[in-house]
Amino acid sequence: MIGKKIGNRYEILALIGGGGMSLVYQAKDIYLNRIVAVKILREYFTSDNEFVRRFRREAQAVASLSHPNIVNIYDVGQDGDTHYLVMEYIKGKTLKEIIIEQAPISLNETIDIVKQICDALEHAHENSIVHRDIKPHNIIITRGGRVKVTDFGIARAVSTATVTHTRGIIGSVHYFSPEQAKGEVTGEKSDIYSLGIVLYEMVTGKLPFEGESPISVALMHIQSEPVPPSRHNPNLTDNIEKIILKAIKKNPDERYETVAKLRLDLRASLLGKISAPVGDAGDQQVFRNKKSVQTVSDDTLVLDDKPSLKNKPPEKQHGEKTRKIRPLGYLLLTLLSLLIIGGAIWGLGKLWVKEEILVPDIIELSAPEAQRILAAENLKMAIEREIPHPDIKKDHIISQDPLPETRTKSGRTIQVLVSSGPALVPVPNVVGSSQIIADVNITNAGLTVGKVEQQYSSQYANGIVMGQYPEAGGLVPEKSSIDLVVSKGPEPRNISMPPLIGLDLNNVEARLQETGLELGEITRQKSELYPYDFVIEQNPMAGKEVIQGSKVNLVLSDGPGPSTQSARVVLKLNESGQVKIQVRDVKGDRIAYEKYHEQGDAFVVNVNYFGQGLITVYIDDKKIKEQVVPSEQ
């Protein structure tokens with residue numbers, strides 16, 4: 001496939017990966033001048049018309065998704081028997097490669113990666129698209145730490161076709177949900193199960209189910225309980241283990257309802273906060289009045305209108321006025337008591353219960369500005385770490401936890417990732433390579449092609465890179481532009497137009513390339529003088545002075561061409577030697593006769609020619625006779 005052009009648009013440059021279902025190539029989109037990834041289905045899939053139909057339908061549906069954590073699908077098409085999918089080209093490693101190299105992966109990095117996968121799946125689920133083949137092989141991590149989930153459309157088509165294919169279970173059975181293994185209908189919770197298996201593998205470096213065959217592994221998903229991940233990784237926190245085991249429950253109803261809820265628990269585990277149970281609002285309060293006890297609810301106050309004899313006030317002396325509290329007074333006292341108690345409860349509530357507020361959006365703001373905005377909302381900011389980012393400026397916020405517009409308690413600390421600026425990458429040396437190869441090498445280095453200037457050069461052939469800026473070997477920020485100077489070949493000069501009439505088209509093209517001229521417009525007309533594809537007329541005419549790079553227009557013979565004619569050559573030799581008769585006509589030069597003769601021999605040779613010809617006789621390569629033979633008009 002290397003060098004082949006698919007769909008008359010995508011030039012295949014290199015093989016970059018493959019699996020049981022497809023091969024993935026790096027290619028150049030010659031229309032948009034960009035590097036893409038082309039996934040080509042293997043032959044045994046393309047022979048299944050039903051599968052191809054599903055594949056095209058699902059790929060077109062997924063092409064409507066637009067999310068920074070989902071690999072973009074640009075095109076889906078067919079070129080002959082080749083069915084292909086054109087995707088965004090991502091330079092990075094698969095999550096499977098990272099697990100093999102680093103597992104167990106640190107908790108912070110694991111949660112960061114899985115949260116981004118959750119974001120991608122949430123977007124897809126909101127658009128009624130289920131992946132059905134979530135596994136580390138389908139997750140790419142860029143150099144900047146961005147997660148890209150791929151193979152949405154293919155996974156859906158394969159999942160639908162699994163029942164009808166006779167080649168066994170398609171995909172990676174180690175990440176299948178129990179309902180997939182049983183051939184039942186799958187949904188969003190199947191993706192949650194598969195993501196739980198991925199999370200298990202990231203923090204332990206092992207898979208929960210291993211077997212001698214795909215069937216045995218599938219049965220384990222259905223029947224066996226997984227080994228708790230903490231047995232493989234004793235440093236694993238209880239919270240993360242609970243999250244994993246909930247995500248991979250056999251019963252879909254016992255798993256997380258949505259990936260959004262899984263993501264929220266992951267964030268909570270990272271912050272190490274556990275919400276405390278809230279007390280019953282209907283709890284009763286007990287009020288004691290000296291020795292009498294009365295039980296009341298929050299909004300009720302009971303007064304005893306029969307005071308005890310022990311507390312009976314002394315009788316008034318003669319002449320003293322007795323002041324009685326009337327019923328209205330009791331009511332006023334009751335209201336006053338309620339106000340005092342309510343105010344006390346409200347004041348304590350203000351101390352104990354913090355106000356809920358919306359978290360402001362601080363992403364892409366500078367760290368000082370973000371801190372100022374959070375402080376105005378009585379929130380704090382903690383920088384979790386600084387990481388490179390290709391787009392967000394240095395000392396600006398990449399992400400925040402909790403997310404913007406979510407509710408949180410006043411005084412909470414917002415965890416943020418801060419950009420350390422773009423990662424620095426070395427500039428590759430592309431001088432001396434073709435422009436297409438230079439584009440590929442620059443893109444592979446995480447850079448972009450900038451301004452392309454063309455100049456004449458006697459040292460570099462046309463289309464070869466003769467200069468670059470910045471120069472090779474230096475370090476520049478990721479996604480920086482590399483300007484190129486591309487050769488246009490030697491500077492053109494004035495030359496004499498070569499004669500082309502009587503030459504066939506192949507010889508004409510070679511002659512034009514030698515002299516630095518270009519083939520222009522070609523027309524045809526019937527001719528009995530020249531064979532098919534021979535030049536009848538040329539413009540400019542032979543001998544005219546033209547500049548290199550000029551176009552030459554030709555009129556070619558459309559046949560039938562000249563008929564065969566014959567000429568008699570009469571010879572009487574005055575010396576011995578090797579006799580050779582050469583013919584030059586519209587079909588070129590050829591030897592018509594060659595034989596040794598003695599001195600004094602006399603003989604006649606009939607020579608065939610086409611159109612107008614020149615017959616030359618040689619003895620031992622010495623010309624002894626020449627005659628022009630006219631063509632029939």
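Throughout, read-outs are computed from the coordinates displayed, never taken from laboratory work. No experiment lies behind these values; they were computed from the predicted model shown. A quick note on method: Cβ atoms are made from the backbone with ideal geometry, for glycine too, and the neighbour counts reach across all protein chains shown.
Observations on the model:
- Residues with amide H under 5 Å from that of Ser22, placed H, sequence gap 5 or more: Arg42
- Solvent-free Debye calculation, one equal scatterer per alpha-carbon of segment 564-629: log10 I(q)/I(0) at 0.22, 0.27 Å⁻¹ equals -0.87, -1.21.
- For the set Lys96/Lys393; Lys4/Lys96; Lys526/Lys551; Lys4/Lys93; Lys148/Lys488; Lys148/Lys393, the pairs lying more than 28 angstrom apart at their alpha carbons are Lys96/Lys393; Lys4/Lys96; Lys148/Lys488.
- Karplus (6.51, -1.76, 1.60) ³J(HN,Hα), θ = phi - 60°, over segment 367-378, in Hz, Gly and Pro reported as x: 4, x, 5, 4, 5, 5, 5, 5, 4, 5, 9, 6
- Cleavage-rule hits (GluC sites (Glu not before Pro)) in segment 427-517: DSSP loop, at most 15 neighbouring Cβ within 10 angstrom: Glu471
- The residues packed around Gln116, meaning those with a beta-carbon under 12 Å from its beta-carbon, carry a net charge of 0 if Lys and Arg are +1 and Asp and Glu are -1.
- Principal axes of segment 424-487: Cα extent on each, largest first, Å: 35, 17, 17
- By the count of other C-beta atoms within 10 Å, a proxy for reagent exposure, Val149, Val36, Val24 are ordered fewest to most as Val24, Val36, Val149.
- Residues with amide H under 5 Å from that of Asp601, placed H, sequence gap 5 or more: Leu573
- Gyration tensor verdict on segment 92-271 (Cα atoms; rounded if a/c is under 1.5, prolate if a/b is larger than b/c, oblate otherwise): rounded
- Amide proton proximity set for Ala592, modelled H, under 5 Å, gap of 5+: Ile581, Gln582, Val583
- Three-way shape call for segment 185-256 based on the alpha-carbon gyration tensor, with the a/c threshold at 1.5: oblate
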